[in-house]
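**Q** Mind looking over this structure? Questions follow.
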Amino acid sequence: MLRELARNIDAFQERLGNGVSWLMFGMVAVVFSDVVFRYLFNQSWVFIQELEWHLFGLVYLLAAGYTMLYDEHVRIDIIYAKWSPRKKATVDLVLLFVMFFPSAIMVVYTTWPFFRHSFAVNEGSPDPGGVPFRWAYKGVIIVGFGLLMLQGISQAIKNFYWAMGWEERPERAHEVH
């Protein structure tokens, strides 16, 4: 049952990651148009510049779980790379509960009041012509870390199975599906 939950989470993150990739296309289009208008026509808009930042943040936050699924977060592998797959799984499992989940929960917990206040006052950009509804962007911080914690649950389940020796840990995490 737990392993099926991990598979479902992984499949969800896969679909979400593919969807978020379209935001990258949108971000490239926005940046490209900003550069063209700025350098060819000497025109620039606050809205477009802020939209670039917001799209980058959306991609970063919404794809964090997808990145974790593929084990592509930055890690220093000097010692870790030499460990056996079972030892890697054990250490990863412990660190998920000692460092990852407490940190992610702290981010959500401390972000919530900022989001709530921003929503209550219908916060927008402080700059004239900027992106409105800044509260929605702050809400994406909570959603992004929620998605990251969801993938952390899947990783914990898989690492538990690998650490117990019930399944073989693949060399790369993306082979797990």
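The values are calculated or read from the model by the stated rules, or taken from the named source; none is laboratory data. A quick note: this is a predicted structure, and the numbers were derived from the prediction, not measured. Backbone-built Cβ (ideal geometry, glycine too); neighbour counts: all protein chains shown.
**Q** Out of everything in segment 56-102 that is of a type in the set (Gly, Ala, Ser) and surrounded by 12 or more Cβ atoms within 10 Å (Cβ to Cβ), what residue ends up being farthest from SER154 (Cα to Cα)?
**A** GLY57
**Q** Please name all residue pairs, on different chains or six or more residues apart, with Cβ atoms under 7 Å, provided the first residue is in segment 94-122 and is on the phi > 0 side of the Ramachandran plot and the second residue is part of a helix (DSSP H, G or I).
**A** ASN122/TRP135
**Q** Now, a different point. Being at pLDDT 95 or above, aromatic (Phe, Trp, Tyr) and under 26 Å from LEU69 (Cβ atoms) is the filter here, so list the residues in segment 111-152 that pass it.
**A** Listed by number, the residues that qualify are TRP112, PHE115, PHE145.
**Q** Turning to a different aspect of this structure: Which numbered condition trips up ARG15, out of (1) closer than 19 Å to GLY146 by Cβ; (2) in contact (Cβ under 8 Å) with a residue 12 or more places away in the chain?
**A** For ARG15, the exception is condition (2).
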